Amino acid sequence: MNMPDRKEIQVRELLEGPHPVVPAGLAASAAERGDRLLRRRRAAGRFGWTVLFAAVAVFAVWALLTHPWTVPPSGVSPPLEGW
């Protein structure tokens with residue numbers, strides 16, 4: 001049978017020994033912090049989606065007004081007329 005190594009023995013002693021005292025309001029403060037972080041994350045997500053939709057709307061309006069897909073007229077030479 002194999003002998004347990006030194007680290008395993010130390011871990012077993014720590015788990016079997018007396019447990020540290022936990023502060024009284026630890027669970028309540030952890031839950032409050034979690035709620036605060038969740039609210040911030042949701043607010044950041046809403047802000048990001050709002051900015052994205054606003055950018056798409058601005059781009060759509062710009063594209064409808066300027067028609068960037070059309071080829072601009074060439075100003076290099078005059079058109080040939082009357083030949």
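Using just the helices of the chain, give the 222 nm mean residue ellipticity in deg cm²/dmol: DSSP H runs with n ≥ 4 each add -39,500 (n - 2.57), and the total is spread over all residues, rounded to 500.
The helix contribution divided over the chain gives -22500 deg cm²/dmol.
With +1 on the Cβ of every Lys and Arg and -1 on the Cβ of every Asp and Glu, and nothing else charged, how large is the dipole of the chain about its Cα centre, in debye rounded to the nearest 20?
320 debye
So with the 1.4 Å probe, I'd like the accessible area per residue for region 16-83, rounded to whole Å².
99 Å²
What ³J(HN,Hα) values, in whole Hz, does the Karplus curve 6.51 cos²θ - 1.76 cosθ + 1.60 give for region 57-68 when θ = phi - 60°, with x put for Gly and Pro?
After applying 6.51 cos²θ - 1.76 cosθ + 1.60, I find 5, 4, 5, 5, 5, 4, 5, 5, 7, 9, 6, x Hz.
Which percent of the accessible area of the chain is formed by carbon and sulfur heavy atoms (probe 1.4 angstrom)?
67 percent
What is the helix-to-structure angle for 6-16, meaning the angle in degrees between its Cα long axis and the longest Cα principal axis of the chain, kept from 0 to 90 and rounded to the nearest 10?
So the helix axis and the longest Cα principal axis differ by about 80 degrees.
Just one of (1) 105, 42, 18; (2) 33, 30, 19; (3) 33, 24, 19 is Cα extents along the principal axes in Å as worked out from the coordinates here. Which one is it?
Computed from these coordinates, Cα extents along the principal axes in Å corresponds to label (1).
The values are calculated or read from the model by the stated rules, or taken from the named source; none is laboratory data. Since the model is a prediction, treat every value here as computed from it, not as a measurement. Neighbour counts are summed over all protein chains in view; Cβ atoms, including those assigned to glycine, are modelled from backbone coordinates with ideal geometry. Remember, those area values only see protein heavy atoms, side chains included, never the ligands or the DNA or RNA. Shrake-Rupley method; radii C 1.70, N 1.55, O 1.52, S 1.80 Å.
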